[in-house]
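Enquirer: Starting off with a structure, shown below.
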Amino acid sequence: MTADTVPVVVIGAGPTGLTAATLLGQYGIETLVLDRWESVYPLPRAVHLDDEIYRLLARLGVAEDFATISRPAHGLRLLDGDLRLLAEFRSGAALGRHGHPEANMFDQPQLEELLRANLERHPTVTLRGNVEVTAIDPSDGGPARVRFTDRSTGETSTVTAEYVLGCDGANSLTRRAIGSTPHDLAFTQRWLVVDIATDADLHQWEGVHQVCDPVRAATYMRIGERRYRWEFQLLPGERADDYRDTTRLHPLVRPWTADLPADELEIVRTAEYTFRAQIADRWREHRLFLLGDAAHLTPPFIGQGMGAGLRDAANLTWKLAAVLDGRLPDHVLDSYETERKPHARSMINLAKLVGSAMTAGGDTGTRLRRILAPHLHRLPGLSNRILDSRTPALHRSALVDRGRLGLGLAGRLCPNAHLPDGRRFDDLAAGRYALVTSAPVTPALRSEIHDRGGVLITAPPGTALHRWLRRGRTAAALVRPDGTVQRTTSDPKSLTGLLPASSSCGRVQG
């Protein structure tokens, strides 16, 4: 038995755990990542992320590499059970408010390879694979003890951590250690997920195809140069094993593959997934936290499952870094669940709504979709709203001051807008507190913000940030290191006292 001590242990090296570890590494926080796999889990799972998550990947330092393994989607088509077009919502290649394409298709193992390689840039982070975490002891509010076993040698080790981030999936050991219970949000559907590789071009529209059919709802999308994904709702009595070979699978995919011979289709994976909607009742117990699928499960209909976990990591890690550096008190970590849990629930409910719209209502629902869907594009603003990646504002907390009415910019992300010098907001903010203002500023104010580890960003008339402030009916916004607006005011000077003195969040290592 060996012993060690680190500030943070991250359990799980999927996208959420790798993102959390990278962000902590950028703040110089010593972090140990434990994962049961020796290398990247090889089978594809998540295939979509929006421009907000792309923006986060840019902060991690992998945006350029991600661009080489991803492709923007062209929008969304709604089809009936006979694959007749009901409605189409197109998105172009233009960049969204976060500075990146709004819908992006990718292969999760490739993304994880990028994140693992990028993690090596941070010497304070250690990734140890091929280990099984067997026990987590919260130690009555003190540092937690994590026991794990090397799967090759059987050697058992224990590490003591100031904080433990449970990014360990739907069957989370961390959640059991906390005593948290998944709360069912009344959505369960069995689906067949199929990944196919082929050198042939299927000559299909390169957006997402949603088949709205109460009998056999389905989704089709192109993922990469030679990768395609289908999802089919399973009928009662069907199993994924019924479709392991190409001969039996071919009739399901033939509407998209046409005359392409079955032997030109390479099955990468067929798997049965039960799409669930769940949220854990507690996300924190003393030094233990839940992130990603350990905290919430989202049906895949809006492509936000993986993104929710990365949002968790972005929300929690800068706070944790400031607490470990003594710049913020430990109790502000309660704001993580206060902010993220209602947001996650809202996104789960939206996914449920979309899933029900695809499958509910039987023959009556099918008739209604055929009547109503072709006219959806005529509703003012609906097309933009369907493709818009903006999500709800965060709930009021110790670090989000939304006021009594909950209106305005607080709790929302600052746009990654172009600045007058050609850079974007994130280039200058760089993971620090930022005070954005259209009001006159003095050298003393600029110096005070700098001394506290923040950055002052002026928004002169005619700029995107000036228009953003004006729409929010304010002259100044304090933007947290995760890009969220903490508070707005007409007097920028009044916001400086909210910056942690000599903020640890001002020493991002890149």
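The values are calculated or read from the model by the stated rules, or taken from the named source; none is laboratory data. Just so it is clear, the structure is predicted and the values come from calculations on it, not from any experiment. Glycine also receives a Cβ, built like all others from the backbone with ideal geometry; neighbour counts cover every protein chain displayed.
Residues checked against (1) of a type in the set (D, E, K, R); (2) surrounded by 16 or more Cβ atoms within 10 Å (Cβ to Cβ):
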{"residue": "Leu419", "(1), (2)": "no, yes"}
{"residue": "Pro460", "(1), (2)": "no, no"}
{"residue": "Asp491", "(1), (2)": "yes, no"}
{"residue": "Pro500", "(1), (2)": "no, yes"}
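Enquirer: For region 112-144, which residues satisfy the criterion of being buried (at least 18 other Cβ atoms within 10 Å of the Cβ) and of a type in the set (Lys, Arg)?
Expert: Answer for region 112-144, where residues must be buried (at least 18 other Cβ atoms within 10 Å of the Cβ) and of a type in the set (Lys, Arg): just Arg116.
Enquirer: If I ask for residues that are surrounded by fewer than 22 Cβ atoms within 10 Å (Cβ to Cβ), out of contact with any Asp or Glu (no Cβ under 8 Å at 6 or more places or on another chain) and farther than 12 Å from Ala410 by Cα, which ones from region 469-485 would you list?
Expert: Those that are surrounded by fewer than 22 Cβ atoms within 10 Å (Cβ to Cβ), out of contact with any Asp or Glu (no Cβ under 8 Å at 6 or more places or on another chain) and farther than 12 Å from Ala410 by Cα: Arg470, Arg471.
Enquirer: Please specify each residue of region 171-206 satisfying the condition of being within 16 Å of Ala277 (Cβ to Cβ), loosely packed, with under 15 Cβ neighbours inside 10 Å and touching an Asp or Glu at 6+ places or on another chain (Cβ under 9 Å).
Expert: Correct list: Thr181, His183.
Enquirer: Can I ask one more? Taking the conditions exactly as written (within 18 Å of Leu290 (Cα to Cα) and either buried (at least 23 other Cβ atoms within 10 Å of the Cβ) or in contact (Cβ under 8 Å) with a residue 60 or more places away in the chain (or both)), does Thr5 satisfy them or not?
Expert: Criteria not met by Thr5.
Enquirer: Output the residue which, of all residues in region 81-105 that are under 17 Å from the mean Cα position of the chain (by Cα) and surrounded by fewer than 21 Cβ atoms within 10 Å (Cβ to Cβ), is nearest to Val62 (Cα to Cα).
Expert: Gly99
Enquirer: Quick one: which residue in Leu419, Leu478, Leu469, Leu465 is at pLDDT below 95 and either in contact with a strand residue (DSSP E or B) (Cβ under 6 Å, 6 or more places away or on another chain) or hydrophobic (A, V, I, L, M, F, W, C) (or both)?
Expert: Numbers: Leu478 fails: at pLDDT below 95; Leu469 fails: at pLDDT below 95; Leu465 fails: at pLDDT below 95.
Residue meeting the stated conditions: Leu419.
Enquirer: Can you tell me which residue within region 207-244, out of those that are surrounded by fewer than 17 Cβ atoms within 10 Å (Cβ to Cβ) and assigned to a helix (DSSP H, G or I), is farthest from the chain's Cα centre (by Cα)?
Expert: Narrowing region 207-244 to residues surrounded by fewer than 17 Cβ atoms within 10 Å (Cβ to Cβ): 215-216, 225-226, 235-239, 241-242, 244.
This time we only want the ones that are assigned to a helix (DSSP H, G or I), so: 241-242.
Working: Asp241: 31, Asp242: 33 Å.
Filtering region 207-244 for residues that are surrounded by fewer than 17 Cβ atoms within 10 Å (Cβ to Cβ) and assigned to a helix (DSSP H, G or I), the one farthest from the chain's Cα centre (by Cα) comes out as Asp242.
Enquirer: Collect the residues in region 186-222 that are touching a His at 6+ places or on another chain (Cβ under 9 Å) and of a type in the set (A, V, I, L, M), keeping them in residue-number order.
Expert: Listed by number, the residues that qualify are Val208, Ala218, Met221.
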